[in-house]
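Read the figures in this text as sums done on the coordinates, not as results from a lab. Everything numeric in this text was worked out from a predicted model, so none of it was measured. Using ideal geometry, Cβ is built from the backbone for each residue, glycine included, and neighbour counts are taken over all protein chains shown.
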Amino acid sequence: MFVAVGDLVDELLVIAPDLMPRSSGRTLKTLARRTALPLLACPRCAAPMEPVFVGGIDADRCYHDDHVWFDASEHAVVLDRAREQYAARNPTLFARLWNALLG
Ligand SMILES: [Zn+2]
């Protein structure tokens, strides 16, 4: 499925507002690249897509369309990972109290 990069960033910021600085705008930096694999052609425009690593998922980004291409369930996985990571960075009040009691 295609997800517009700006839409993906919006979704991630709703889940994890601290994920990226506001100043970075509605864009995604390439965090890591797969190597030595042939570039996939964009299913929409046929331009070679850049392999990108988003939330632990290998995805492909078409700069021509400014979309990220996810396989079936990968988009949901990326959002789940963002949710988990945000929860880990921002423990609930209950968890903080619990840790304070134990600590
Ligand atoms: Zn394309």
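See the values below:
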item: Any pair with Cβ under 7 angstrom, 6 or more apart, that starts in the range 37-66 at a residue that is within 12 Å of F2 (Cβ to Cβ) and among the aliphatic types (A, V, I, L, M) and ends at one that is within 11 Å of the ligand (Cβ to nearest atom) and part of a loop (DSSP other than H, G, I, E, B); result: M49/L40; M49/C42
item: In the range 45-72, the residues that are away from the ligand (no atom under 11 Å from the Cβ) and under 11 Å from the mean Cα position of the chain (by Cα); result: V52, F53, V54, G55, G56, I57, D58, A59, F70
